[in-house]
1. Based on the Cβ-Cβ distance of Arg223 and Arg322, what FRET efficiency does E = 1/(1 + (r/R0)^6) give at R0 = 35 Å, to the nearest 0.05?
2. Can you compute 3J(HN,Hα) from phi for each residue in the stretch 235-242, using the Karplus curve 6.51 cos²θ - 1.76 cosθ + 1.60 with θ = phi - 60°, rounded to whole Hz and x for Gly and Pro?
3. Give the long-range amide H neighbours of Leu73: residues separated by 5 or more places, or on another chain, with amide H under 5 Å away, using H modelled in the peptide plane at 1.01 Å from N.
4. Highest mean first, how do 18-24, 261-267, 208-214 rank when packing is the count of other Cβ atoms within 10 Å averaged over residues?
5. Multiply the residue gap between Thr162 and Asp192 by 0.36 nm, knock off their C-alpha separation, and tell me the result in nm, one decimal place.
6. Using a cut-off of 10 Å between beta-carbons, work out the net charge of the residues near Val121 (Lys and Arg +1, Asp and Glu -1, Val121 not included).
7. Just report the Cα centroid separation between the stretch 127-171 and the stretch 249-276, whole Å.
8. Say a paramagnetic label sat at a point 7 Å from the Cα of Asp77, along Cα to Cβ; which residues of the stretch 298-334 have their backbone N under 18 Å from it?
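Where a number appears in this text, it was derived from the coordinates with a stated rule and is not lab data. Note that this is a predicted model, so its numbers are computed, not measured. Glycine also receives a Cβ, built like all others from the backbone with ideal geometry; neighbour counts cover every protein chain displayed.
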Amino acid sequence: MSDNIIRERPRTAAATVPQTLMQALDPAWLGIVLGRRVEAVETVEVIRTVATKVRFAVTFEDGAREAFCLKGLLDVDEITARGGSTCVLESDFYGELAPIVECTVPACVVTVTDRSRQQAVTVMRDLVAQGASFCSALDAFTADDALASLEQIARLHARSDTLARFDWIRPRLSQLAEMNYVTADALQEMLDGPRGEGLPAPIRSAPRLIAGLRALAERDRLRPQFLVHGDAHAGNVFRWNQGMGLIDWQLLQRGGWALDVAYHVNAVLPPETAEREERRLLREYLAMMQGRGFAMPGDEEAWKQYREAVIYGFYLWSITRRVDPPIIVEFVGRLGKAAARHESHGLLEV
């Protein structure tokens, strides 16, 4: 792994957090945050989901040209802007944790944070320009791919000692279970649509899914807590120098290891591959953590926790709105079938 990718400590810039894409790509603003006079800015690609990610190239006063990627809530409505705390969380990850975690992550150049407004943007090196490629939900992993990405997750979990230092890393699962961000009626409407097609009726029940999430949160809070990525689907994995890395730290949290592992395996693999390979992959993950000195549960207890934890990823994708519909349908299908296969609701007694 290249130190250029994983060890650059970002600057913090005393600048206004931009609210629009035009403001974020303004040469004067970029000159302030990058600490060098900017002569020209070229937009390369704009990706809009909940947050906007824009790849762009900058020409500096001395003629040097560099490629960057900026991420933040840009051109969003008032309701979406309320999610700015997740951008602050990601900014804090790059400022505090990225330099010390073992997994491969993008090099963040500068963070701009307004804690009073709970808004932030991060400016990173453009991974694509450096030869990396991003994975996609629509391009399923092989079991070997999943093993490689699980190693990155294990490397992250291995720095769970940092939880004692950073109290801003919260139990996100418990917070989700208490939120009314999506009502049961709204969730049921979504599950009754294309995303729920092909799933058994009991799996498409919104009240049962919400009850399952709450039961999982209650059990998870009593288990050993790990440094958890929280959103480890295929779209948040990149390939780099024949290896893999992780992006998107807006759901970083403290929680049980199984939240990441069950979500990841069942999101990145087609259901038939997951069913065939998941116990082996789980054993490989447990061995990775044991090799790093962690006391992990035995095979059957770990398998039970894994089966229960599928509910977490299934819930996350069931409530997702601002992502391309084919991706939502694919992830809800994979994770919903996993919840049915593992009888996750029944294990959680709902």
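1. Using R0 = 35 Å, I get an efficiency of 0.65.
2. In residue order, the calculated couplings are x, 9, 10, 10, 9, 8, 6, 6 Hz.
3. So Leu73 has HN proximity to Thr52, Ala120.
4. Result, highest mean Cβ count within 10 Å first: 261-267, 208-214, 18-24.
5. Contour length minus the Cα-Cα distance gives 6.7 nm.
6. On the way: positive: Lys71; negative: Glu90, Asp114.
Local charge sum for Val121: -1.
7. Each part's Cα centre sits 11 Å from the other's.
8. Residues 319-325 fall inside that zone.
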